[in-house]
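What follows is a single structure, written as structure tokens, with notes after it.
Throughout, read-outs are computed from the coordinates displayed, never taken from laboratory work. Values in this document were obtained by computation on a predicted structure and should not be read as measured data. For neighbour counting, all protein chains shown are included, and Cβ atoms are generated from backbone atoms with ideal geometry for every residue, glycine included.
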Amino acid sequence: MKNFKSLFLVIILLSGNLFPQTFTASVDNTTIGLNEQFQLTFTFEGQDINGVRNFTPPALSKFLVLSGPNQSSSMQIINGAVSGSLSFSYILQSREMGDATIGEASVEYSGKVLKSAPLKITVVKASQKPKQNDNPVSTKEIADNLFIRAFVDKRKVYLGEQVTVTYKLYTRLNIAAQMSISKLPQYQGFWSEEIETQNNISFTNEVYEGKQFKVGILKKAALFPTQTGELTVTPFELNVPVQIRKQKKSSNFFDDFFNDPFGSAQTYNYAAKSNSVKVEVIALPSGDVPKSFSGAVGNFLFNARLDKANVKTNESVTLKLGLSGAGNIILANIPTVNLPNGFEKYEPKITEQINRTGTISGAKTAEYLLVPRTPGKKEISPIEFSYFDPVKKSYVTLTSKAFSIDVTPGENYSSSANDLSGYSKEDIKLLGQDIHYIKTQIDDVSKTSGITLFKTGFWFAAGLPLIVLLGLVTWKKREDKLSGNVQLLKYQKAEKVAKNRLKKAKKLLEADNYPEFYSEISLALFGYLEDKLHISKSEISVDKAVDELQKRNLDGTIISDFKKCADKCEFVRFAPKAGESSAKNEMYTETSKVIIDIEKNLGNVKVKK
């Protein structure tokens, strides 16, 4: 007995070095009902879980992945030795019946690759799935410790008045991974604007019904009712992967001694759903409604400004209207402007700046472009804007001042009995309409006589398009042929390129830019021979050009003139000081003559073979 106790003590003392590194796969059940959820877990066990790298999951295309990979870890300490486990879990849903194999997953640890063994599961009809009597998770228990609450800041509002709805997540459980939205709320009967919130949920502590919860804001929205009566905001639904600790089942001393003191965890995908909220919307007062009221509800400021009061006819004037404040400013309409006779008004340019951090507020401006057509003293009546203030429970009317404009005759203005400011009827284009003045006289139109078919003009007009088409087709074929034969294209354009370079050289000579002149002369001569004789730039030389010209039986005098000219070009390029004392005009003339002589004679000779 004494020996047994000593052996057991030795095992305990050495246990810190007896933790092998393993990587295994498991499912909570190998028989799954069709369209039912199950958990797949890959677990690494070893001394240093921080050394685990590069988890690679198997292909899960046969299943619907609802959540994962969700990572969790646990540790245990035995006689001073630390070991732990690192788990990667998925919440999957079966999609088709039959046998399925989950392939191997892998991780890297201490330079080695550890792989899990494949798993086989069977998917059956839901009614054939064996009942689980040992499910440690109760949906009610999760619902008591994790839920979503929807709040509204007002239960009774006026039509068009802002009501803010806030969705908060209450939890006492560990959220294992990223949450996903199942269904967004519906705002039937409201105009909605999202209120800006943090991208990452920030949790605070709050006591609810005697229990302390972690609370975070999920979503906020500003709602503006567009109809009266009792309106309902539907629930907000969210998938939340939560971690549930499994309870120990064994009371065996050795199991308790070697078991994880923190308990193993399992991830469950919980469908959280908020409550629906109701809002009573009452109509705006029907008495003493201003004529300028168009539905704005809130608290606003209004201003109007004219950029100038003295203009000439046909010059533009800008009238700027500004609206700012808090409320349904997005739905608020800029008031209309009534203009005196003799003005043309263009559609306004509307700009908005909306603040969506809490109560919806901002500014809206409208710029009207006005054009006076007749001279005289003009007056724009005061402009009114009306809104309903839900705090005062009354209508408020804001009025701008009247604007006086002194319009004097412009350059194109001529006195007339009408208000068309000297314009003929054909010059007038009615703004806001796609209609021009209709021509009422046709004195310049006469009836022709004779049979058109027998006239020369008819056949000319009929045949001209065909001739043009044939010409275009011929030209296109020639261009395609040249494009496909680069050498032929260069050959045919060699003379043109050389002429352009000679023209440039002539300008450089007149500008006394001698170094550039010599360079351009040389490029004209040798560039012409490169294209005409099909010599590459890397191979071109005086001797090579002479050889090619001799192959084409070119006259010896022309070849001799070319050689002298080429030698002179090379000399002055590399000895510019010597070139400055030479006869530059003579050199230009000689080069031009050599190119022209080669061009005239090259087409009349045959190449030696």
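Highest average first, the peptides 30-36, 386-392, 467-473, 323-329 ordered by how many other beta carbon atoms sit within 10 Å of their residues are 323-329, 386-392, 30-36, 467-473.
Mean projection of the Cα convex hull over all viewing directions, computed for region 18-128: 7.4 nm². Whole-Hz Karplus values for region 48-57 come out as 10, 6, 6, x, 7, 9, 6, 5, 10, x Hz, taken residue by residue from phi with 6.51 cos²θ - 1.76 cosθ + 1.60 and θ = phi - 60°; glycine and proline positions read x. Beyond 20 Å between alpha-carbons counts as too far, so tell me which of Lys154/Lys273; Lys120/Lys140; Lys308/Lys378; Lys308/Lys364 fall in that bin. Flagged as over cut-off: Lys154/Lys273; Lys120/Lys140; Lys308/Lys364. Given their separation in residues at 0.36 nm each and the Cα-Cα distance between them, Lys140 and Thr336 gain 64.6 nm when the chain is fully extended. Tyr270's amide H: which non-local residues (gap 5+, or another chain) put their own amide H closer than 5 Å, with H modeled 1.01 Å from N in plane and none for Pro or chain starts? It is Val240, Val242, by chain and number. With only Cα atoms counted, region 510-571 has Rg and Dmax values of 12.4, 39 Å. Across region 232-243, coupling constants 3J(HN,Hα) worked out from phi with the 6.51/-1.76/1.60 Karplus curve, θ = phi - 60°, read 10, 9, 6, x, 9, 10, 9, 8, 10, x, 10, 9 Hz, and Gly and Pro carry x. In this structure the amide hydrogen of Ile405, modeled in the peptide plane, comes within under 5 Å of the amide hydrogens of Lys378, Glu379, Ile380, none closer than 5 places in sequence on its chain. Using 0.36 nm per residue of separation minus the Cα-Cα distance, give me the extension gain between Lys507 and Glu280 in nm, one decimal. Extra length available between Lys507 and Glu280 comes to 72.9 nm.
The order of the peptides 350-360, 554-564, 514-524 by mean Cβ neighbours within 10 Å, most packed first, is 514-524, 554-564, 350-360. Under 5 Å between amide hydrogens, built in the peptide plane, is the criterion, and for Thr226 it picks out Phe190, Trp191 among residues at least 5 positions away or on other chains. How much FRET efficiency would the formula 1/(1 + (r/R0)^6) give for Ile181 and Val152, where r is the Cβ-Cβ distance and R0 is 25 Å, rounded to 0.05? Plugging the Cβ-Cβ distance into 1/(1 + (r/R0)^6) gives 0.80.
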